[in-house]
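Before any comments, here is the structure.
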Amino acid sequence: MLSRRSVRIKAMQLLYSIDRDKAVTKKELIKNYDFCITQSYELFLYNLYILMEITSCAENDLIKRKSKHLPSDYDKQFTDKLYANKLIQDMVTNKELNKKFTALKFESKINKDYTRKIYEAFAKKDAYKSFVANETNDSETLELLLELYRFCRQDEYFNEMLEDAYFNWLDDKSLVVGAVKKYLKALPTENLKLYSEFLPEDDTVQDFGKTLLKKTLDQQEDLMQIVIPTLENWDHDRLALVDTILIQLAVSEMLNFPTIPPKVSLNEYVELGKQYSTAKSKEFINGILDKIMKTLQTENKLNKEGRGLIG
């Protein structure tokens with residue numbers, strides 16, 4: 001579920017944290033990295049749980065409409081199919097999945113008043129009314145659930161629940177959203193542990209991410225010896241901390257991961273500078289890393305494997 005870019009971001013944030021708090025040890029930093037990875041996976045599961053809770057509001061909606069003294073035509077034809085459909089019920093009846101929800105104490109994290117408000121707002125949408133009023137197949141149900149999820153991501157109550165429960169929601173949002181969509185599209189399924197297939201892969205989070213973090217931390221002084229000569233008139237002590245960390249990570253990646261083209265590393269950290277640092281960081285980081293990359297190539301210090309990996 002996690003990409004190399006996402007673990008680069010986590011490495012950057014953790015290196016920033018240890019610079020701000022010198023009392024943090026390397027062991028604690030690595031432990032924090034593992035915790036961040038776990039949080040990303042839990043965030044995926046929490047999104048599924050919230051969706052399930054929102055759709056369950058259709059049951060109460062049905063009860064209220066059926067109890068009206070003067071029901072409208074829409075009230076009379078209303079059903080709780082948003083919750084009773086095969087796709088959502090696949091999650092509701094999945095004991096393995098619900099064990100995970102229980103173990104992670106999602107019920108205590110959710111705000112049921114918020115889920116009700118989200119449902120009530122979505123219930124006013126023409127797409128939902130059309131879904132209720134017409135016969136629908138699994139494909140159409142999926143489209144409606146995906147529309148509900150799109151609606152949720154724009155809703156302040158939904159985002160507040162996510163941000164309150166998981167600090168990494170904004171950083172991991174795009175990856176989690178992609179995983180949730182993929183999960184919904186696989187329903188219904190006989191695989192009761194389908195959710196486990198979305199666990200972060202070891203080659204990304206361990207072989208790449210954790211190694212990158214450790215190497216950069218261990219080699220910081222050596223990395224700065226490579227960086228400082230390229231700064232020319234810049235005082236490295238006055239560089240933005242995020243820029244410094246991104247440059248260190250990029251150089252560490254160029255030196256320690258022979259299967260990653262140096263240009264890929266350069267481009268990735270330039271983009272992170274654009275996203276996480278100052279307005280001028282993109283050009284600055286690009287210029288510094290381009291010089292470093294060319295110097296390392298000239299000195300034959302980039303031992304890359306495979307075709308097209310140099311340059």
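Bear in mind these aren't lab numbers, they're just calculated from the coordinates by the rules spelled out. Given the structure is predicted, the values throughout are model-derived calculations rather than measurements. Cβ: placed from backbone, ideal geometry, glycine included. Neighbour counts: every protein chain shown.
Structure notes:
- 10 Å-binned pair-distance histogram of the range 1-76 (Cα, whole percent): 15, 27, 17, 13, 12, 11, 4
- On the beta carbon distance between Gln154 and Asp222, with R0 = 30 Å, the FRET formula returns roughly 0.05.
- Proximal aspartates and glutamates relative to Lys263, as straight alpha-carbon distance under 19 Å, when same-chain residues fewer than 8 apart are discounted: Asp243, Glu253, Glu271, Glu283, Asp290, Glu299, Glu305
- Simple point charges give the picture: +1 on the Cβ of Lys and Arg, -1 on the Cβ of Asp and Glu, and for the chain a dipole about the Cα centre of about 260 debye.
- Between the listed residues Leu29, Leu249, Ser56, the Cα displaced farthest toward the positive end of the dipole of the chain, a dipole computed from Cβ unit charges relative to the Cα centre, is found at Ser56.
- Theoretical gain in end-to-end length, Lys263 to Lys66 [0.36 nm per residue, Cα-Cα removed]: 64.6 nm
- Panel note: the C-alpha atoms of the chain, placed on their principal axes, show extents of 82, 37, 34 Å (largest first).
- Helix 112-122 axis versus longest C-alpha principal axis of the chain: approximately 80°, rounded to the nearest ten.
- Shape analysis of the range 219-298 places it in the oblate category; the axes a ≥ b ≥ c from the Cα gyration tensor give an a/c of at least 1.5, with a/b not above b/c.
- Spatially, the range 176-218 and the range 53-90 are offset by 35 Å when compared through their Cα centroids.
- Relative to the longest principal axis of the Cα atoms of the chain, the long axis of helix 281-298 lies at roughly 50 degrees.
- Value of [θ]222 nm, deg cm²/dmol, for the chain, DSSP H segments ≥ 4, -39500 (n - 2.57) each, nearest 500: -21500 deg cm²/dmol
- The range 4-198 - percent relative contact order, Cα under 8 Å, separation 6 or more: 28 percent
- Three-way shape call for the range 122-198 based on the alpha-carbon gyration tensor, with the a/c threshold at 1.5: oblate
- Here the spin labels are modelled as points 7 Å beyond Cα on the Cα-Cβ line, and at Glu197 and Asp75 they lie 4.4 nm apart.
- Once the Cα atoms are used to define both axes, helix 138-153 deviates from the longest principal axis of the chain by about 60 degrees.
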